[in-house]
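Have a look at the structure below before the remarks.
The values are calculated or read from the model by the stated rules, or taken from the named source; none is laboratory data. Everything numeric in this text was worked out from a predicted model, so none of it was measured. Cβ sites come from the backbone with ideal geometry, for glycine too, and all protein chains shown count toward neighbours. Surface accessibility is based on the protein's heavy atoms, side chains included, excluding ligands, DNA and RNA. Shrake-Rupley method; radii C 1.70, N 1.55, O 1.52, S 1.80 Å.
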Amino acid sequence: MNKKHASSEIIDRFLRLVNKYNALGKHPVTFGTQHRFYHSERHMLDIVGDCPDLNITEFAKAAGVTKGAISQVVAKLEKKGAKIKLTPLGEKIYAHHQSVNAESSHHLWRELKNHPDDNIEFLLHMFKWFEEYFDESRERMRAHQ
């Protein structure tokens, strides 16, 4: 196997996955209300529902975004009536999104059952590596501003 070629292909495929995932986030979902909620907003409600006592810095770390991004999403949610402490609407969205996440995870779990543990551990290792690499890249970019 040509590992240099494989490295390029892995990065290309990863970036395509990120782009496809981001495209999904551009489709808002309604929950029988007057407002449509985007993926970033639903994800924020997931974090609030899972860990309601986090501060803004901890929310940002959990979401993998900046504190400014968290503040923007919180402001959007508050305008829609889903405050940072889950309101009944926020709880409804949280519960629905949890069921969607469970369904998505089930598909992945079925696929992972077909692979040995060491392959799964390697995949987890690589995703952790990518996350750390992108964090370091962001810091390098900030240094050049």
Within the chain, what whole-number % of the accessible surface is contributed by carbon and sulfur, with the 1.4 Å probe and all protein chains included in the calculation?
58 percent
Estimated vicinal HN-Hα couplings, Hz - the stretch 57-73 in sequence order (Karplus 6.51, -1.76, 1.60; Gly, Pro = x)
4, 5, 4, 4, 5, 5, 8, x, 10, 7, 4, x, 5, 4, 4, 5, 5
According to a simple spin-label model (label point 7 Å from Cα along Cα-to-Cβ), what is the distance in nm between Asn19 and Ala143?
2.9 nm
Per residue value of the accessible surface for the chain (all protein chains in place, 1.4 Å probe), Å²
75 Å²
Pick from Ala23, Ala60, Ala75: which is most flexible by mean-square fluctuation in a GNM of the chain where alpha carbon atoms under 10 Å apart are linked?
Ala23
Leaving out same-chain residues fewer than 8 places away, which lysines sit with a Cα under 16 Å from that of Lys20?
none
Within 10 Å of each candidate Cβ there may be at most 11 other Cβ atoms; applying that plus a DSSP loop requirement, which trypsin sites (Lys or Arg not before Pro) in the stretch 6-86 survive?
Lys26, Lys85
If ligands, DNA and RNA are left out, what is the accessible area of Leu86 with a 1.4 Å probe, given in Å² to the nearest 10?
40 Å²
Both in Å, the radius of gyration and Dmax of the C-alpha trace of the stretch 97-136 are 12.8, 34
Would you be so kind as to identify which of Ile70, Ala95, Phe59 lies farthest towards the positive end of the dipole of the stretch 57-96, taking Lys and Arg as +1 and Asp and Glu as -1 on Cβ and the Cα centre as origin?
Ile70
Counting other Cβ atoms within 10 Å of each Cβ, which trypsin sites (Lys or Arg not before Pro) in the stretch 107-145 have at most 14 and sit in a DSSP loop?
Lys113
Would you please give the residues with an amide H less than 5 Å from that of Val29, counting only those at least 5 places away or on a separate chain, with H modeled from the backbone geometry?
Phe37, Tyr38
With a Förster radius of 41 Å, plug the Cβ-Cβ distance of Cys51 and Asn2 into 1/(1 + (r/R0)^6) and report the FRET value to the nearest 0.05.
0.40
Count of lysine pairs, the stretch 25-107, Cα-Cα under 22 Å, sep. 8 or more residues or interchain, comes to 19
Short version: ³J(HN,Hα) in whole Hz for each residue of the stretch 42-47, in order, from phi by Karplus 6.51 cos²θ - 1.76 cosθ + 1.60 (θ = phi - 60°), x for Gly and Pro, what are they?
5, 5, 4, 5, 4, 5
Can you list the chymotrypsin sites (Phe, Trp or Tyr not before Pro) in the stretch 9-110 that are in a DSSP coil and have 16 or fewer other beta carbons within 10 angstrom?
Phe31, Tyr38
In nm, the gap between the two label points placed 7 Å beyond Cα toward Cβ at Asn114 and His27 is 2.3 nm
